[in-house]
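These notes are about the structure you will find just below.
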Amino acid sequence: MPDSSTRADGRSASQLRPLRFQNGIAPNATGSTLIEWGNTRVICGVTVEETVPRWMKEQRVEGGWITAEYAMLPYSTLQRKPRDIAKGKLDGRSSEIQRLIGRSLRAALDLQKLGPRTICVDCDVLQADGGTRTAAITGAFVALSLAVKKLMAEKKLVQSPILHAVAAVSVGVVNGQPLLDLCYTEDVVASVDMNLVMNDSGQFIELQGSGEEATFSETELAELLALGKSGVAELFAAQQKALAPV
């Protein structure tokens, strides 16, 4: 796979944008982090409710639940993005992304060990430059891990319910070149766009891929998956570093 060309920001085809976590960004949350991924910035906060959704009670489903909400703040984009509340409903894209975040994190936990409580994950985009959903998932896992540590320190959990780390990254084809971690200017011209969500056992949680008025071959798909897997491995290392004791 060619990797000699440089991109607008100077990266190689297989290079992630700079990544940084700032933990404890929201002191009132049980766990929180600000993930800065290139010029994309997302605050991920986790709060815990000592109850479960009504449907779980009615169906007598044991264990706990994880739910997520996602929003792009009005000033996160070049042109102001009106709040969903101003339109009277959640837009389709935000609804899709928050469901994806919830599914991804539920795959990370043993919900039985969580006990009868609900973990609420809020992901708010401060600045958007491509990859907001992948940043939200990757940051949300760090915030979730911090929240679990706090619950265990408070003796509310006997053992950690976390089964696997979870992270996500984008890949795509731009001008015939497979690229890892697309920024906005690459994303808008990509002929193929794909998001990978994986756990640290190398298993896929979700794949979202499509051609933008284009098609792609099995060979191109294999190249994109290889790029994505290498990028996710780097994300797991960055998460571990962010969660290491100070």
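The values are calculated or read from the model by the stated rules, or taken from the named source; none is laboratory data. Predicted model, so just to flag it, every value in this text is computed and none were measured. In this analysis, Cβ positions are derived from the backbone assuming ideal geometry, glycine residues included, and neighbour counts consider all displayed protein chains. Surface areas here come from the heavy atoms of the whole protein model, side chains and all, with no ligands, DNA or RNA. Shrake-Rupley method; radii C 1.70, N 1.55, O 1.52, S 1.80 Å.
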Return the residue satisfying two criteria in turn: it lies in region 155-189 and is within 21 Å of residue 19 (Cβ to Cβ) and either more than 20 Å from the chain's Cα centre (by Cα) or of a type in the set (Ser, Thr, Tyr) (or both), and of such residues it is surrounded by the fewest Cβ atoms within 10 Å (Cβ to Cβ). 185
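Quick check, is residue 146 closer than 18 Å to residue 24 by Cβ and either open to solvent by less than 10 Å² (accessible area, probe 1.4 Å) or under 21 Å from the mean Cα position of the chain (by Cα) (or both)?
Spelling it out, residue 146 is indeed closer than 18 Å to residue 24 by Cβ and either open to solvent by less than 10 Å² (accessible area, probe 1.4 Å) or under 21 Å from the mean Cα position of the chain (by Cα) (or both).
Check 91, 122, 129 and return the single one that is among the acidic types (Asp, Glu), open to solvent by 30 Å² or more (accessible area, probe 1.4 Å) and touching a Cys at 6+ places or on another chain (Cβ under 6 Å). I'd like the intermediate steps shown before the answer.
On the way: 91 fails: touching a Cys at 6+ places or on another chain (Cβ under 6 Å); 122 fails: touching a Cys at 6+ places or on another chain (Cβ under 6 Å).
Criteria check complete, one pass: 129.
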Here are 67, 138: which of them is of a type in the set (Val, Ile, Thr) and either open to solvent by 10 Å² or more (accessible area, probe 1.4 Å) or touching a Ser or Thr at 6+ places or on another chain (Cβ under 9 Å) (or both)? 67
Within region 49-64, can one find any residue that is of a type outside the set (Asp, Glu), closer than 25 Å to residue 181 by Cβ, touching a residue at least 40 places away in the same chain (Cβ under 8 Å) and open to solvent by less than 20 Å² (accessible area, probe 1.4 Å)? no
Unique match (being within 20 Å of the chain's Cα centre (by Cα), free of Cβ contacts under 8 Å to residues at least 40 places away in the same chain and surrounded by fewer than 17 Cβ atoms within 10 Å (Cβ to Cβ)) among 201, 217, 230: 201
